[in-house]
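Presented below is the structure to which this report refers.
The values are calculated or read from the model by the stated rules, or taken from the named source; none is laboratory data. Not measured: the values here are computed from a predicted model. Every residue, glycine as well, gets a Cβ built from its backbone with ideal geometry; the counts of neighbours run over all protein chains shown.
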Amino acid sequence: MYEVYNGMENNIIIGDKLQKTRELFDLGDKQKQIPVVKNRDYEIKIDNLGMNGEGVGRIDGYTIFVSGALPGETVRIKVVKVERNYGFGKQLEVLIPSKDRVKPKCRFSGRCGGCQLQHMSYGLQLDFKKQMVKDALERIGGIDDPVIYDTIGMEDPWGYRNKMQFPVGLQKDKLAIGFYAPRSHNIIDIDSCHIQHEINDQIVQIVRNYTDNSGVVPYDELTHRGFIRHVVSKTGFQSGEVMVVIVTNGTNLPHKKELIEALRKGVPGIVSIVQNINPKKTNTVLGNKNIVLWGKDHIIDFIGDIKFKISPLSFYQVNPIQTAVLYNKAVEFAGLTGEEVVIDAYCGIGTISLFMAKRARKVYGIETIPQAVEDARINALENNISNVEFIAGEAETVVPDMIGRGLQIDVAVVDPPRKGCDSKLLDALVKAKPKRIVYVSCNPATLARDLKYLSEKAYKVVEVQPVDMFPQTSHTESIILLQK
Ligand code: SAH
């Protein structure tokens, strides 16, 4: 089994031959000349995978990352970047392929920054994700040999995304709508994306025709000029309802009627067309203001038998099939009997809260985006669930406050964004002493940091379940049970 390369470890074998170079690189306490030269070709054997699923090999002890290469392979590369302790190679040819190499389904694979793992068999993708979580827990979290199960994958790991978010811009004076290229903001013009719901190809085509014919200028990030910035869509996999959001750098949308008509005619299931205004010079996709151009201001979808209202700005898991798997695991890990008081921190539109509420005495959901909290309250009402309360605010402020006022909790669920939990929240949980903490994480590094903190404060990591929410990409999701 390969390992996931981690810069902190240096099991480096010193090779025999050196090529001339001026720089030195570290080998623990030794220093050595960098054995490769930029823009030259080399043959390299790949031993491991890096954090983004890229191949990692060594030339005379010097580490090189090669996107698209797999462990066990020998590939020919051109060295494209040379840093002090590692370099980057562009794969030119696979000389000895791995048995896990598969032909990517998408013709943009490798050029598009959306998927990193299409060249990897799905089995290896699942192993890789498990290994990423395990390595992070061991190396960053200091948790020896955690009980970690095999990643739960999808039967059909394609067409799973219910949300599309494509930037609109110009590439060499031509309209481009698609994903960004890896590590850049150059837009790859994509006519068909295999990880999205198939309806999205059609939506993109309609917006492409509209932009081409209406004289609307695509947005340019550098100059902050141009009008149409992003096209976003949300699809309810169970309900069939579709929302299209056009993000603009200003208010007046020309030829509105034609756009609405084309979307209504060409997109089965469409129930909502929204213009989102984002006049800021920012990487954040959506602005705060929404104008409903046609239909409703939300869509409805179901996870299991619970119905959810989804607005343009609220967070909703992108893979509905695996979300059900993840939430059922969360309920299982919470060990609910019907008697518990549960906190669901970072609750979004109340999805996990409502799943838990059916099996607990009382659930408190805490979320910072007011519109999401509003949706969460409506979701509770719509599903006739009355033993839940949603509180708007930052978890790190609200939860310590609730605990300070004497709230007793049995189970805490946390599902933070990539940066993980604020330590003030973790401190409050430690003080409140719930019997179980269920941690849902999309970032193994911050997860491991937070688990280390909790395990130093009387909590033990009992079990870890990675769930593949993002097939074909290097993103991981896992759910962890901690007990007092
Ligand atoms: N549990 C939900 C949402 C998880 S995403 C689900 O499965 O659908 C993380 C959520 O945390 C987002 O809705 C985000 O708006 C919210 N959030 C981010 N920072 C927060 C903070 N400091 N306090 C509370 N919520 C926060």
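In segment 129-163, of all residues being under 16 Å from the mean Cα position of the chain (by Cα) and in a helix (DSSP H, G or I), the one that is surrounded by the most Cβ atoms within 10 Å (Cβ to Cβ) corresponds to LYS129.
Restricting to segment 239-260, name every residue that is among the polar types (S, T, N, Q) and modelled with pLDDT under 95. Outline the logic, then answer.
Here is the first cut: in segment 239-260, the ones among the polar types (S, T, N, Q) are 239, 248-249, 251-252.
Hits for segment 239-260 are THR251, ASN252.
Would you confirm, using the coordinates I've provided, whether LYS309 is under 22 Å from the mean Cα position of the chain (by Cα), outside the structural domain of VAL147 (by TED's automatic domain parsing) and charged (D, E, K, R)? Taking the combined requirement at face value, the residue satisfies it. Residues in segment 354-396 that are within 12 Å of the ligand (Cβ to nearest atom) and on the phi > 0 side of the Ramachandran plot: GLY393 only.
What number of residues in segment 403-420 are within 13 Å of the ligand (Cβ to nearest atom) and assigned to a helix (DSSP H, G or I)? Total meeting the criteria: 0. As for segment 32-40, it holds at least one residue that is modelled with pLDDT under 95 and either exposed (fewer than 12 other Cβ atoms within 10 Å of the Cβ) or outside any loop (DSSP other than H, G, I, E, B) (or both). Consider segment 307-316 and keep the residues that are in a strand (DSSP E or B) and more than 12 Å from the ligand (Cβ to nearest atom). The one that is surrounded by the fewest Cβ atoms within 10 Å (Cβ to Cβ) is LYS307. Does PRO71 satisfy being within 26 Å of ARG183 (Cα to Cα), modelled with pLDDT of 95 or more and in contact with an Asp or Glu (Cβ under 8 Å, 6 or more places away or on another chain)? Yes.
Residues in segment 343-353 that are crowded, with 24+ Cβ neighbours inside 10 Å and hydroxyl-bearing (Ser, Thr, Tyr) were compared, and the one that is nearest to the ligand (Cβ to nearest atom) is THR351.
Does segment 421-440 contain any residue that is within 16 Å of the ligand (Cβ to nearest atom), assigned by TED's automatic domain parsing to the domain that holds GLY335, of a type in the set (S, T, N, Q) and in a loop (DSSP other than H, G, I, E, B)? The answer is no, given that none of the residues of segment 421-440 is within 16 Å of the ligand (Cβ to nearest atom), assigned by TED's automatic domain parsing to the domain that holds GLY335, of a type in the set (S, T, N, Q) and in a loop (DSSP other than H, G, I, E, B).
Based on what the data block shows, is SER474 over 29 Å from ILE321 (Cα atoms), among the small types (Gly, Ala, Ser) and out of contact with any helix residue (DSSP H, G or I) (no Cβ under 7 Å at 6 or more places or on another chain)? Reasoning before the result, please.
Details: over 29 Å from ILE321 (Cα atoms): no; among the small types (Gly, Ala, Ser): yes; out of contact with any helix residue (DSSP H, G or I) (no Cβ under 7 Å at 6 or more places or on another chain): yes.
Spelling it out, it is not the case that SER474 is over 29 Å from ILE321 (Cα atoms), among the small types (Gly, Ala, Ser) and out of contact with any helix residue (DSSP H, G or I) (no Cβ under 7 Å at 6 or more places or on another chain).
Among the residues of segment 364-378, those identified as under 9 Å from PHE390 (Cβ atoms) and outside any helix (DSSP H, G or I) are TYR364, GLY365, ILE366, GLU367.
Can you confirm whether segment 231-241 contains a residue that is assigned to a helix (DSSP H, G or I), within 21 Å of TRP294 (Cβ to Cβ) and touching a residue at least 40 places away in the same chain (Cβ under 8 Å)?
Taking segment 231-241 first, the residues assigned to a helix (DSSP H, G or I) are none.
Among the residues of segment 231-241, not one is assigned to a helix (DSSP H, G or I), within 21 Å of TRP294 (Cβ to Cβ) and touching a residue at least 40 places away in the same chain (Cβ under 8 Å), which makes the answer no.
Taking segment 263-295 as the range and being at positive phi and in a loop (DSSP other than H, G, I, E, B) as the test, only GLY269 passes.
Of the residues GLY295, GLY266, GLY236, GLY287, only one is modelled with pLDDT of 95 or more, under 23 Å from the mean Cα position of the chain (by Cα) and more than 16 Å from MET164 (Cα to Cα); which?
On the way: GLY295 fails: under 23 Å from the mean Cα position of the chain (by Cα); GLY266 fails: under 23 Å from the mean Cα position of the chain (by Cα); GLY236 fails: more than 16 Å from MET164 (Cα to Cα).
Only one candidate qualifies: GLY287.
Kindly provide the set of residues from segment 116-136 that are under 20 Å from SER478 (Cα atoms) and out of contact with any strand residue (DSSP E or B) (no Cβ under 6 Å at 6 or more places or on another chain), ordered by number. Break it down stepwise before answering.
Within segment 116-136, the subset under 20 Å from SER478 (Cα atoms) is 116-117, 122-136.
Selection gives GLN116, LEU117, TYR122, GLY123, LEU124, GLN125, LEU126, ASP127, ALA136.
Within segment 441-460, the set of residues being part of a helix (DSSP H, G or I) and more than 14 Å from the ligand (Cβ to nearest atom) comprises PRO444, ALA445, ALA448, ARG449, LEU451, LYS452, TYR453, LEU454, SER455. Scanning segment 207-224 for residues that are crowded, with 19+ Cβ neighbours inside 10 Å and β-branched (Val, Ile, Thr) turns up VAL207, THR211, VAL216.
In the condition set (1) within 12 Å of the ligand (Cβ to nearest atom); (2) part of a helix (DSSP H, G or I), ASN328 is compliant with all but (1).
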